[in-house]
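Below: one structure, written as structure tokens.
We did not get these values from a lab; they are worked out from the coordinates using the rules stated. None of these values were measured; they are calculated from a predicted model. Reconstructed Cβ throughout: ideal geometry from the backbone, glycine too, with neighbour counts over all protein chains shown.
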Amino acid sequence: MRCIIRSVDPYHYSGFVISVKKLPIEIRAQLKEALKNLIQDPQPKKLKLEKLSGYKKPSIYTIHITSNHSHKMSFEIHGDVAVLRAVGTHKQIDRKP
């Protein structure tokens, strides 16, 4: 995947905003930083960008938002917009991206 992400859309999937509100404040701060990094570098190595297999349309990607890899975020890419799907623990995102 080589693309340019110019912005993010957290409102396309209403569950994303709800799940952000459930996160501890420290994790929310790390999420904000991860989103900044995603816009600056659409393939951030330190966030461990992964394309999930089994999802063709739409393609779903995940990044780790915490340094200890306890929390992840999933998103789709539509043109130059990252449409945010879900955020939660590693286990939650692996089960329902």
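Before moving on, here are some points about what is shown:
- Entry remark, the stretch 44-93: residues being assigned to a loop (DSSP other than H, G, I, E, B), over 18 Å from residue 30 (Cβ atoms) and not β-branched (Val, Ile, Thr) number 10 in total.
- Residue selected from the stretch 22-43 under the condition in a loop (DSSP other than H, G, I, E, B) and touching a residue at least 24 places away in the same chain (Cβ under 8 Å), by the criterion nearest to residue 94 (Cα to Cα): 23
- Filtered residue count, the stretch 1-21, keeping only those that are in a helix (DSSP H, G or I) and either closer than 17 Å to residue 67 by Cα or touching a residue at least 24 places away in the same chain (Cβ under 8 Å) (or both): 4
- The residue list 87, 81 contains one member that is touching a helix residue (DSSP H, G or I) at 6+ places or on another chain (Cβ under 6 Å), closer than 21 Å to residue 7 by Cβ and touching a residue at least 24 places away in the same chain (Cβ under 8 Å), which is 87.
- Residues of the stretch 11-51 that are surrounded by 18 or more Cβ atoms within 10 Å (Cβ to Cβ) and among the aromatic types (Phe, Trp, Tyr): 16 alone.
- Residue tally, condition loosely packed, with under 13 Cβ neighbours inside 10 Å and acidic (Asp, Glu), over the stretch 64-97: 1
- Just one of the listed residues (46, 96) is without any contact (Cβ under 8 Å) to a residue 40 or more places away in the chain and under 19 Å from residue 18 (Cβ atoms), and it is 96.
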